[in-house]
Each structure stands twice: as C-alpha cells, then as structure tokens.
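Here is the structure we will look at.
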C-alpha cells in the first residue's frame, strides 16, 4: 500500500457562541482516500465543525490546517431554492462562475445524474436534487469532500443509493470524505472511521470499535444489556476512548 497522505487536521479547535461552548478541543485528522463519519445528537456541534473547516465559522481558539493546496468540496445539509425560479441543472452548476460543459457532465456522471443537465431544478425529486448538490461539489475535483447530513429528508432507499454513490466517488477520485450523519447503521457499514461528537470527542475509531464503546451506546440510548456486553471489548478501544472513561 502507498504512503498515507493527510489532507486535514484540526488542533485544539474550540467554538463558542455568546459565551456558550459548542466545540471544545477538537483534534481530528483525515487521510486521503478514507471515509470518516461524524455522529452525535442534535446540538452536538457536528455542522459547526464542518463550517469551521470550510472557514464559514471562526474558531474561538485552536486551528484548522488544510495540508497543502487541497481543494474542498462541500454539500450542505439543505439548500432552499424558490421552486418557481426557472433554472436548469446546468445553470445551477455554473453558479457563481461559468463551468465548462464537459466538467459539468463529468460531475453529473460521478453523482449518478448523467443526462439531466437540461432538466429544470423544480422538476427534480429530493434525491436527485441532493445529487445535483453533490455534482456541484465535485466539479472542482476535490481532494476533500464534506457532506453535512446530505441524505436528510431522503427515504431509506434513496439514502442507501446516495451512500453507494459516495463510495463510487471515493473510488473514482481517491478523495478524502468527511460526512456528518444521523443514520447510525449505515455509518457503520460505509465508514473507515467514526468520530462520536457531543461538544467534544467522546470516542473514535473503526466502526467495530465505536459501536461497542460505552460512550457511544450511552449517548444514543442503546440497550443497557448490550452496552454491558460491550465492556468486554474495552481493551480494543482507542486511547481517546480509554481516557474518556
């Protein structure tokens, strides 16, 4: 295997709003070619972390390091567009700057929407529109792709299709992918690493490690009997997990 290349790292990243702490001492890193998923309850700071990474939210302390000249693509949790606005997919992908048609076609293909460039946005299903947002993020061929609960509002089938597309994007582009998701079972199947967040990092590691971590199971209210059984796997947890106990 080739040498891993780090594309992103945060160092003691903290964010506060009005004196209230939202994120405290967040230290994460992302390697090229891996899928990392952030999970946590509502209000745990997941979206704030992604906004800090793209520069839309200034940290109170700490820093975000983008290693080298990395291109970042971002798919927001939602984007409200006036449904009466006449706009084709091509036109939307060309905002705020005109994009070559070949680049748009490639991005649409990578997002699973080949042939829909001339279609009106208002006629798209929820799943198709999320893929358009994905295509928009892929046009610049990102080294790091950020997705903020991009499957929110999709049914189970649509969500599963979207995650399969993300895996294909990873294989085609070799980019790092950092996702925020509330779909715990899907996360465990599709991620290389999982970060459990609740203002600070509760536990992190491979999916098989995190899903048996006591902090993870307590945070999401999983069955106490199953949680008790998970303590048998304690020795396999990451150092951060051990320190949190």
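The strands (runs of 3 or more DSSP E) found wholly in the range 18-112 and carrying at least 3 residues that are more than 24 Å from residue 132 (Cβ to Cβ) occupy 20-26, 29-31, 61-66.
Regarding residue 225, is this residue under 16 Å from the mean Cα position of the chain (by Cα) and either part of a strand (DSSP E or B) or modelled with pLDDT under 95 (or both)? Here the answer is no, as residue 225 does not meet what is asked. Of all the criteria given as (1) at pLDDT 95 or above; (2) part of a helix (DSSP H, G or I); (3) in contact with a helix residue (DSSP H, G or I) (Cβ under 9 Å, 6 or more places away or on another chain), the one not satisfied by residue 178 is (2).
This table checks each residue for (1) without any contact (Cβ under 8 Å) to a residue 60 or more places away in the chain; (2) more than 20 Å from residue 133 (Cα to Cα); (3) surrounded by fewer than 16 Cβ atoms within 10 Å (Cβ to Cβ).
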position: 155; (1), (2), (3): yes, no, yes
position: 159; (1), (2), (3): yes, no, no
position: 163; (1), (2), (3): yes, no, no
position: 177; (1), (2), (3): no, no, no
position: 208; (1), (2), (3): yes, yes, yes
position: 217; (1), (2), (3): yes, yes, no
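Quick check on residue 82: is it surrounded by 12 or more Cβ atoms within 10 Å (Cβ to Cβ) and either farther than 26 Å from residue 184 by Cβ or touching a strand residue (DSSP E or B) at 6+ places or on another chain (Cβ under 6 Å) (or both)? The answer is no for residue 82.
For residue 75, are the conditions met, namely being surrounded by fewer than 20 Cβ atoms within 10 Å (Cβ to Cβ), in contact (Cβ under 8 Å) with a residue 60 or more places away in the chain, closer than 22 Å to residue 158 by Cα and within 22 Å of the chain's Cα centre (by Cα)? Taking the combined requirement at face value, the residue does not satisfy it. Scanning the range 113-125 for residues that are in contact with a helix residue (DSSP H, G or I) (Cβ under 7 Å, 6 or more places away or on another chain) and outside any helix (DSSP H, G or I) gives 113, 114, 116, 117, 118, 119, 124.
The residue that is surrounded by the fewest Cβ atoms within 10 Å (Cβ to Cβ), counting only those in the range 165-175 that are more than 18 Å from residue 194 (Cβ to Cβ) and touching a residue at least 60 places away in the same chain (Cβ under 8 Å), is 174. Scanning the range 126-153 for residues that are out of contact with any helix residue (DSSP H, G or I) (no Cβ under 6 Å at 6 or more places or on another chain) and assigned to a helix (DSSP H, G or I), we see that the one that is surrounded by the fewest Cβ atoms within 10 Å (Cβ to Cβ) is 126.
The values are calculated or read from the model by the stated rules, or taken from the named source; none is laboratory data. Everything numeric here is computed off the predicted structure, so don't read it as measured data. Cβ: placed from backbone, ideal geometry, glycine included. Neighbour counts: every protein chain shown.
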